[in-house]
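What follows is one structure encoded as structure tokens, with my remarks underneath.
No lab work stands behind these numbers, since they all come straight from the coordinates. It should be emphasised that the depicted structure is a prediction, and the values quoted were computed from it without experimental measurement. Ideal geometry is used to build each Cβ from the backbone, glycine not excepted, and the neighbour counts take in all protein chains shown.
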Amino acid sequence: MSLLQNIRLFQTPLALAAASRRSLHVTAACAKTQSGKYKITPKGDRPLTYEMANPPHLIAHRKAWNSWNTSNLEGEQRASQTMLEDEFVRRFMTGTWHGLVLSEVIIKRQHNHVRIAAIVRRGIPPRKMYFLIGYCEELLAYWLQCPVTLELQTTEDRKDVVFKYI
């Protein structure tokens, strides 16, 4: 009942005239595209990897997707669950390999198998690195209920993955 009363209030000529005046907003901030672009520093000392250096509109032209799966196709039922699992895997990897992951975590799903690729820094002894690989594979396989393989590449220094400075 109250909804009908509110609708009747807006049907008066004065309310319709006021609503038509306020319905169009044009500002420069609305037309500005900002996501995925990094601000240029005055000194030009901010390092960017290849993934970060390419803007989002160049996905599939100069850079690839960070998640490779088919759940976003029409008729698939796990799109939201796959997205949440991918975000969980990324946070788990960056938390487990704290300060060692130098690139984006790439997740590739093929049938019932998940492959996770990243570039990590050689900041820990090889024995600990092998332990962390097995630890991550076992826990993620248990949580995701499918086989998980880590495909890690190591580099000596953070500067090895820098594509350019801005």
Tail weight of P(r) past 16 Å, computed on alpha-carbon pairs of segment 66-166, percent: 58 percent
Segment 101-166: antiparallel DSSP beta bridges as a percent of all, rounded to 5: 45 percent
Point-to-point label distance, Ser80-Tyr50, nm (Cα→Cβ direction, 7 Å offset): 3.6 nm
